[in-house]
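Student: Okay, handing you the structure first.
Quick note: the coordinates plus some simple rules give every number you see, no bench work behind them. Keep in mind that what you see is a predicted model, and the values were worked out from it rather than measured. Positions of Cβ are backbone-derived with ideal geometry, glycine not excepted, and every protein chain shown enters the neighbour counts.
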Amino acid sequence: MAEIVYPPVVLAAKTMFRVLDNRLRVTGTEHVPRTGGAVIACNHIGYLDFIFCGLGAQPAKRLVRFMAKKEIFDNRIAGPLMRGMHHIPVDRGAGKASYDEAVDRLRSGEVVGVFPEATISRSFTIKPIKSGAVRMAADAGVPVVPMALWGTQRLWTKGRPKELTKRHVPIHIHAGEPLRPTPGDDPDALSSDLRVRLQAILDELQAGYPDRPAGEDDRWWLPAHLGGTAPTPEEAAALDAKGRDRD
């Protein structure tokens, strides 16, 4: 596929983060395959996560094709960019078509990015995850690379005002050791393993993060178990349920 749109978008993102002095630290990139298909399964704490997850594959010189809800592709501004970067639209009413397309892309040697929690985690811990990431990897015969982000929630997340021009925010990205699902594996058991791995990576990123809240009102971006005021996982699940009831 011709890459007319994706490289300039990556360059623009890197330039913006340099200007804002958002201190990106990307580690574990030796786990991202330099060639061949792979699924990157990433945690989800902010609306810009797809940008940072994609940057996590840049040291391996890979472009990540993200699975994203169809409504984004219908947007008059975001839609042309998403199509130009060859991302994969997901129609929740016809999910098999997007799943099959993702498997075809993986078999052809591409990297597909997914957020297996499906929605942003308000608690900033790993929510229960869906099995699609390990199932498509097993069907395509490719690895799943767990990747976690920390710091992106401080720029824009659910229930908070966006602060896209906030300066000097450290953003940490780490790719973990791949899982290698096979068609004979139990996808639910593998998904549980993937969730444990994602939480372990996230715990390490949180423990090594250089910033601390500037004051009581700034504790919102820390999970409750680290002394922050983010909802607990149980409180976050209740809030998500209320949101679904309103939809």
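Student: Would you compute the Debye intensity of region 149-240 from its alpha-carbon atoms alone, equal scatterers and no solvent, and pass along log10 I(q)/I(0) at q = 0.12, 0.15, 0.24 Å⁻¹ to two decimals?
Tutor: The Debye formula, applied to the Cα set alone, gives -0.49, -0.73, -1.35.
Student: Over the chain, what is the relative contact order in percent, taking alpha-carbon pairs closer than 8 angstrom and at least six residues apart?
Tutor: 25
Student: Let me ask you something else. Which whole-Hz couplings ³J(HN,Hα) result when phi for each residue of region 55-68 is put into the Karplus expression 6.51 cos²θ - 1.76 cosθ + 1.60, θ = phi - 60°, listed in order with x for Gly and Pro?
Tutor: 5, x, 9, 4, x, 8, 6, 10, 9, 9, 9, 8, 8, 9
Student: Could you work out the relative contact order of region 117-247? I mean the mean sequence separation of Cα pairs under 8 Å and 6+ apart, divided by the number of residues, in percent.
Tutor: 30
Student: Expressed in nm², what is the orientationally averaged projection area of the convex hull enclosing the Cα positions of region 1-143?
Tutor: So the Cα hull casts an average projection of 9.0 nm².
Student: Something else now. What are the ³J(HN,Hα) values, in whole Hz, obtained from phi via the Karplus relation 6.51 cos²θ - 1.76 cosθ + 1.60 with θ = phi - 60°, for each residue of region 216-230 in sequence order, with x given for Gly and Pro?
Tutor: 4, 6, 9, 6, 4, 8, 9, x, 4, 6, 9, x, x, 10, 4
Student: Just need the relative contact order of region 68-145 here, percent rounded to a whole number, with Cα pairs under 8 Å and 6+ apart.
Tutor: Relative contact order for region 68-145 comes out at 22 percent.
Student: May I pose another question? If you plug each phi of region 194-208 into the Karplus form 6.51 cos²θ - 1.76 cosθ + 1.60 with θ = phi - 60°, what whole-Hz ³J(HN,Hα) values come out, in order, with x for Gly and Pro?
Tutor: Each residue of region 194-208 in turn: 4, 4, 4, 5, 4, 5, 5, 5, 4, 4, 5, 5, 5, 5, x Hz.
Student: Which aspartates and glutamates, on any chain, are close to Lys69 with Cα under 19 Å apart, when same-chain ones fewer than 8 places away are left out?
Tutor: Asp49, Asp91, Asp100, Glu101, Asp104, Glu117, Asp240, Asp247
Student: Looking at region 89-168, which trypsin sites (Lys or Arg not before Pro) are in a loop (DSSP not H, G, I, E or B) and have at most 11 other Cβ atoms within 10 Å?
Tutor: In loop regions of region 89-168 (DSSP not H, G, I, E or B), the sparsely surrounded trypsin sites (Lys or Arg not before Pro) are Arg92, Arg167.
Student: Also, quick follow-up: I need the peptides 98-104, 71-77 ranked by packing, meaning the mean over residues of other C-beta atoms within 10 angstrom, with the highest value on top.
Tutor: 98-104, 71-77
Student: If we restrict to alpha carbons, what Rg and Dmax does the chain come to, in Å?
Tutor: Both quantities, over Cα of the chain: 17.4, 51 Å.
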